[in-house]
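The values are calculated or read from the model by the stated rules, or taken from the named source; none is laboratory data. Only a predicted model underlies this, so the values are computations on that prediction, with no experimental measurement involved. Neighbour counts run over all protein chains shown; Cβ positions are idealised from the backbone, glycine included. For accessibility, only protein heavy atoms count, side chains too; no ligands or nucleic acids. Shrake-Rupley method; radii C 1.70, N 1.55, O 1.52, S 1.80 Å.
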Amino acid sequence: VKIGCYHIDSGESFDRFADAQDLADTYRASGVPAFPAYVSGEYRVRIEHYSSGEYAASGIASLSLSGASVVSPSGTCITVVSTATGEILFEFDCGTSSNLAVMPSRGEVDRPLTWFKGYKYCGGFEYKRFNGNNVTVINFVGMQDYVKGVIPYEMNPSWPVEALKAQALCAKTYAVSNLNKYASYGFDVNATVDCQVYRGANTATANSDRAVDETDGQFITYNGAYISAVYHSSNGGSTESAVNVWGRDYAYLRAVTDNFEDLTKASYGTWKFELTKSQLRQILVEKGYSPATVTDAYIEEYTPAGNVYKLRSEEHTSELQS
């Protein structure tokens, strides 16, 4: 269903949602599609939807609406539409001063779930638009329910519960040590492998939920502080010391040989990445260097774990002749 972003504003404002809803119901009872809207701190009633301002103006004339006006599209407006019917239920537009939030009603359900893009989530939701861009959907959820939505996507939920407990401790500790990582966007961590995969309750099992419940209140600490609980799906047969990756030394993140990983079955257990000479030069430029044309590169130093630590490049400067 395509929804036009132009509407007719009835010209009336209200302090209460119920009053705006009553007027919208009156319009609908007479066959005119209408819905309540919350705009810049007050409730209003908007009518129909149109693909242009001209069509909306024609609608005012055909409906004989005195005091009504055309509402133009906004870069921060959120329109709530019924998925089943395409009917507009509500609009929210308060600029950047506040955002639309939804908290599902518990009713007779102890743990209500909300669908979003095929996945079910606990907690509430906030919807933000950064000046006309796509909608940013933020899930506000407690730590236990959050981790229950991580475990089945970072480890097979049918694995032994003690393994799942270890994963739960890593996931919780990673989350709490990365609070405010994306504060500029209004949330703590994202739902991808950039942080850790979080897709809600779809594939959670009694086994995976048990692992989270039995580690409730537990985290991994070192010298009284939460550790940086990074983890991976594959390590190529060995981890690497953090100081060689991020430049910061952690006593608990050192290179360790892994004799249990089957590199023939592991995702990305063995992989190859190629760089062209021009890409090498661009990397150097981004690091603040001013290289000439890169003609060759070779490994100068390895880490104790056997990973490349330092490359040396050979450069060529061409001379111009007049």
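The table below gives the values:
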read-out	value
Whichever residue in the range 293-322 is modelled with pLDDT of 85 or more and loosely packed, with under 10 Cβ neighbours inside 10 Å and, among such residues, is farthest from L280 (Cα to Cα)	E301
Residue within the range 260-267 that is among the β-branched types (V, I, T) and either in contact (Cβ under 8 Å) with a residue 40 or more places away in the chain or surrounded by 13 or more Cβ atoms within 10 Å (Cβ to Cβ) (or both) present	no
Unmet requirement for D194, which otherwise passes all of (1) among the acidic types (D, E); (2) modelled with pLDDT under 95; (3) surrounded by 15 or more Cβ atoms within 10 Å (Cβ to Cβ)	(3)
Tally, over the range 64-78, of residues that are under 14 Å from S97 (Cα atoms) and either surrounded by fewer than 12 Cβ atoms within 10 Å (Cβ to Cβ) or more than 34 Å from the chain's Cα centre (by Cα) (or both)	0
Single unsatisfied condition, V32 versus (1) hydrophobic (A, V, I, L, M, F, W, C); (2) farther than 16 Å from A68 by Cβ; (3) open to solvent by less than 70 Å² (accessible area, probe 1.4 Å)	(2)
Residue count, the range 175-205 (criterion: without any contact (Cβ under 8 Å) to a residue 24 or more places away in the chain and on the phi > 0 side of the Ramachandran plot)	1
Every pair of residues 6+ apart whose Cβ atoms lie under 6 Å, when the first sits in the range 279-297 and is under 12 Å from E315 (Cα atoms) and without any contact (Cβ under 8 Å) to a residue 40 or more places away in the chain while the second is in a helix (DSSP H, G or I) and basic (K, R)	P291/R281; V294/K277; V294/R281
Of all residues in the range 152-191 being of a type in the set (G, A, S) and farther than 18 Å from R210 by Cα, the one that is surrounded by the fewest Cβ atoms within 10 Å (Cβ to Cβ)	S184
Enumeration of residues in the range 181-201 that are under 16 Å from V135 (Cα atoms), polar (S, T, N, Q) and assigned to a loop (DSSP other than H, G, I, E, B)	N190
Matching entry among A225, A229, A242 (being surrounded by fewer than 11 Cβ atoms within 10 Å (Cβ to Cβ), within 31 Å of the chain's Cα centre (by Cα), small (G, A, S) and at pLDDT 90 or above)	A225
Filter result for E126 (surrounded by 13 or more Cβ atoms within 10 Å (Cβ to Cβ), closer than 20 Å to I3 by Cβ and touching a strand residue (DSSP E or B) at 6+ places or on another chain (Cβ under 7 Å))	no
Members of the range 268-292 that are open to solvent by 90 Å² or more (accessible area, probe 1.4 Å) and part of a loop (DSSP other than H, G, I, E, B)	Y268, T270, W271, K272, F273, E274, K287, Y289, S290
Count - residues of the range 99-123 that are under 24 Å from Y231 (Cβ atoms) and open to solvent by 40 Å² or more (accessible area, probe 1.4 Å)	1
Output for the range 40-49, where each listed residue is at pLDDT 95 or above and surrounded by fewer than 19 Cβ atoms within 10 Å (Cβ to Cβ)	E42
Filtered residue count, the range 15-41, keeping only those that are of a type in the set (A, V, I, L, M, F, W, C) and closer than 21 Å to T96 by Cα	3
